[in-house]
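The values are calculated or read from the model by the stated rules, or taken from the named source; none is laboratory data. None of these values were measured; they are calculated from a predicted model. All Cβ positions, even for glycine, are placed from backbone atoms using ideal geometry, and neighbour counts span all protein chains on display. The accessibility values were calculated without ligands, DNA or RNA, using every heavy atom of the protein model including side chains. Shrake-Rupley method; radii C 1.70, N 1.55, O 1.52, S 1.80 Å.
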Amino acid sequence: FPAPSLGHDWAEPAAAATECVYREGGNEAFWNVNKKVFEQAKTLTRGEDEFTTENIQSRIKEFASEEGVSESAVQSCIDNDNPLEEVRRDSENGKNLGASGTPTAFVNGRKLVGAQPYSNFKSAIEDALSQ
């Protein structure tokens, strides 16, 4: 759930750019770039330079390139393929299911909210498998 309403003005542009990484490079590239974004969040959003949407998308394109995904393909997707529509649709779908933020997970309709221990997921999966 990108949250510009919480002062994260960069969240939706970042989510749109990473959606393009997924479209252009697949699941593995997406998760590797996503990991880098979160690992470097403080420097991405609170660096010495004034923070802009272009800065976050530029860094995401650099991360994508490190994963073998063309920066120009990601930029073309951002410019032409309306990835923000997908991001907003995903957020709306999550809200319709009862999710109000991250992390929220669903196991066969059972909602797990917040950072849950492995045992809670295991229990939910075992319950689902026994039905």
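Once the other residues with Cβ under 15 Å from the Cβ of Ser119 are scored (Lys, Arg +1; Asp, Glu -1), what is the net sum?
Once all neighbours under 15 Å are counted, the net charge is 0.
Quick check for me: using +1 on Lys/Arg Cβ and -1 on Asp/Glu Cβ, what's the dipole size of the chain about its Cα centre, in debye to the nearest 20?
Using Cβ point charges on Lys, Arg, Asp and Glu, the chain gives about 700 debye.
Would you mind getting the accessible area per residue of the range 72-131, heavy atoms of the protein chains only, 1.4 Å probe, in Å²?
Ligands and nucleic acids excluded, the result is 69 Å² per residue.
Can you give the angle from 0 to 90° between the axis of helix 83-97 and the longest principal axis of the chain, with both taken from C-alpha atoms, to the nearest 10?
20
Considering the chain as a Gaussian network with a 10 Å cut-off on Cα pairs, which listed residue, Asn32, Asn82, Asn96, attains the greatest mean-square fluctuation?
Asn96
Name the residue farthest towards the positive end of the dipole of the chain from the options Phe121, Ser70, Ala99, assuming +1 on Cβ of Lys and Arg, -1 on Cβ of Asp and Glu, about the Cα centre.
Phe121
GNM on the chain, C-alpha springs below 10 Å: top fluctuator among Val113, Val69, Val21?
Val113
Tell me, in nm to one decimal, what length is gained between Ala41 and Thr102 on full extension, where the rule is 0.36 nm per residue of separation less the Cα-Cα distance?
Difference between extended and current length: 20.3 nm.
Once you list every other residue whose beta carbon is under 13 Å from the beta carbon of Gly26, what net charge do they have if Lys and Arg are +1 and Asp and Glu are -1?
Neighbourhood net charge equals -3.
When only C-alpha pairs under 8 Å and at least 6 residues apart count, what is the relative contact order of the chain, in percent?
This gives 25 percent for the chain.
With the full set of protein chains in place, find how many percent of the accessible area of the chain is carbon and sulfur; take the probe as 1.4 Å.
47
Highest GNM mean-square fluctuation, the chain, Cα pairs closer than 10 Å: which of Gly26, Gly101, Gly109?
Gly109
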